[in-house]
Each structure stands twice: as structure tokens, then as C-alpha cells.
Amino acid sequence: MKIVVDDKIPFIRPALDVLADEVVAKSGRDITPDDVRDADILLVRTRTRCDRQLLQGSRVKLIVTATIGFDHLDTAYLHDAGIQWFNCPGCNADSVAQYVHACLILLKRERGLDIAHTTLGIVGVGHVGRAVLKAVRGMGFREILLNDPPLAEAGTAAPEGFAWSTLDELTDRCQVITLHTPLTAAPPHPTLHLFDRRRLAAMRPGAVLINAGRGEVLDNEALEAALEDGTPATAIIDTWEGEPDVRRTLLRKVFIGTPHVAGYSTDGKANATRMTLEQVCRFLGRPMTFDIQPPALPPTLRPADDPDERALQLYDPRRDSERLKAAPQDFEAIRGHYPLRREHF
């Protein structure tokens, strides 16, 4: 039994050494057809494109991506090739919610966002969107609007106390919009460049756009031009088109620009690793006996009395933004050597 694993999946190696005869750990971007040719299981993250080019002629029978998103998996090819695949839905939803919540606190503190007179729009209300809603409901927004056409058309009820809104309603009424959709180019609800030049121009003057979903949902070239015109007035970007090669001119214009780390809390990573191992054990017919827990915060870190300050103690996105803006060429290195970040004291 041979397993090839992205070496950035944390806390997983001891378990794999028990489960497999051979374990090969490599950077996700560097996994090649030669690596997987005689592998049985492939464990990846977003940097490994799992398609015919990588997998044809291999003996891989299971792929697990330790991420919520799976647009890096060619699922049609995997189906035709008889390769089982799984993602980890919801694994880092609370981590992304922590990111959005912290960014909203910084908008209030540094950009004068008046929460009580602000309407917030959430685009995409799956695991992440619902976690964001839970995290921000107590902040005192005047109103929160929810948009998710696939759920609305399926007859899925909106979270209690809310109704579904159209995207036009969000751009017309919201001072802040945050994006949490999957990426798809397929009808009936393609999200590729969902926020393009036309959609950006429809936003309210002075509005803020947050993208901590998928990079290509937002047309980065159009956003840069829109920021020049002041609609939206500013942006917070964690996921980028073409990453790790981000548009540096856009990076300089955004309020907060981070290297795809919104979901990088240690809690979220531990969840993803646990879910990944559950799938591997199920595939192998082995009991899941591995206890994956994130390390504790330093005992010297004491929670502040002020809730906003306490939230920023746990995670302040400015630190990641400052690092990326100072060295955008280090996008992958910053992600690959990410410090301990917990969601709770």
C-alpha cells in the first residue's frame, strides 16, 4: 500500500505510517505522474490538479482533497477512471468565518464602517456562508441579506429569520458583500467571474467587497479598474485569480490582501486532516482510531475583556496582509510556513 500526500497537510504523517507500507510526501505543486504511477491513494490540497494528465496509467483508486473546494479535481475523468474521490466539506468553515469577522472589525476600527447603518450581503450560503452568518449576526448590522440561487431554486429554506435575496438586491442595498460560492463555469448558475465589471459597477458607492471564496469568482482585472473609479471603494481579498502570481498593482490597492489563508486556522486544518483520515480508513476497511487535535495556544496569551480586541488577539488579518504586501513573491512560502492560529482560547 502506497500513499502519496501533500506535505502541507498537517498532523497526518504518523497515521499514514501506520496505514501504509510506503508514504511519499511532496509539495502539492510538485506531485508528478511518476510519483502516483504505483500509488494506491493520493491525498492533496488545492495545488494538485488531479486529471488525466496526472493519473492516466496509475493504480490510484482513492483521492481525498483536504479542502472544502474541489475544482482542482477533474471529477468527470475520475468517475470515468473508476477513482473514488472525496473532499472535506465544512472543514474550515469556522476559520473563514473568523477571517471575515476579524476583517469587519478592522473595517469598523480603521475605515469607519458604521455597523448599525450597514447592510451586509453574503453570497453563497453553504457550510462557509452559514458559518459567516453565525459569526457576524451579533455584530449589530442593520440588515443581512443572503443569496444562493441553487439553494433557493431547490426549495431549501433560508436560515431561520432570513429569506433569499437576488444578487441585484445585494448590489443595490449592501454596503458590504462577502463571497463564499464554489467555482463553476457550468450552467445554470456559473460563478466564474460572477463579479465582473458590470456587477462591480452596480455596487453602491463606498461599498466594500470581500472575497475569501474562490479566486476566479471575482474578475481581478475588473476589480482593479473599479477600485480606481471608487465603486467599490475598497476590497479585502484572500483568494486571487492566478495565484500564487497575484496582480501586484491590485494587491497594493486593497485594504487587506492575504495569501489564501482565510481557512488556515489550526482548528480548520485539524478538521481537514481528521476527515481525510476517516475516508482513508473507510476505504481500507480500518477503524478510525487516530485522535487529531490542534496544539494549544501559549499559556502567556490572556484573553482581553473587549470582545473585538479578543477576536483580534486570536487572529489579526493585518499581519498576513503586511507580509504579503511586503513580499508578494513569497505567496506560497507564507502559506507553507503558517503560524499557529486558533479559533478559540
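We did not get these values from a lab; they are worked out from the coordinates using the rules stated. Predicted model, so just to flag it, every value in this text is computed and none were measured. So basically every Cβ, Gly included, is an ideal-geometry build from the backbone, and we count neighbours across all protein chains shown.
Among the lysines of the chain, pairs that are 8 or more positions apart or on different chains and have alpha carbons within less than 22 Å of each other number 12. May I ask for the percentage of alpha-carbon pairs in the range 39-114 that lie more than 15 Å from each other? Result: 61 percent of Cα pairs exceed 15 Å. Over what distance in Å are the Cα centres of the range 123-154 and the range 22-55 separated? Between the Cα centres of the range 123-154 and the range 22-55 lies a distance of 35 Å. Within the chain, Cys50, Cys103, Cys174, Cys281 have no other Cys Cβ under 4.7 Å of their Cβ and so lack a disulfide-compatible partner by this rule.
Net charge dipole, the range 93-257: roughly 480 debye, given to the nearest 20, about the Cα centre with Cβ charges of +1 for Lys and Arg and -1 for Asp and Glu. Apply the a/c threshold of 1.5 to the C-alpha gyration tensor of the range 207-345 and tell me whether it is rounded, prolate or oblate. Oblate shape, in that a/c is at least 1.5 and b/c is the bigger or equal ratio. Note on Ala81 and Phe345: their simple-model spin labels are 4.9 nm apart, each label 7 Å out from Cα toward Cβ. Around the Cα centre of the range 243-345, unit charges on the Cβ atoms of Lys, Arg, Asp and Glu (plus for the first two, minus for the last two) sum to a dipole of about 300 debye. Note on Asp196, Asp34, Asp114: ascending count of other Cβ atoms within 10 Å places them as Asp34, Asp114, Asp196, the fewest first. Overall dimensions of the chain, expressed as equivalent-ellipsoid semi-axes from the Cα gyration tensor (√(5λ), whole Å, largest first), are 34, 23, 20. For the range 231-264 and the range 302-338, what is the centre-to-centre distance using only Cα atoms, to the nearest Å? After rounding, the separation between the Cα centres reads 14 Å. Simple rule: put +1 on each Lys or Arg Cβ and -1 on each Asp or Glu Cβ in the range 93-257, find the dipole, and look at Asn211, Val176, Gly129; the Cα lying farthest toward the positive end is Val176.
Over the Cα atoms of the range 133-253, the radius of gyration divided by the Kirkwood radius equals 0.96; this is the Rg/Rh ratio.
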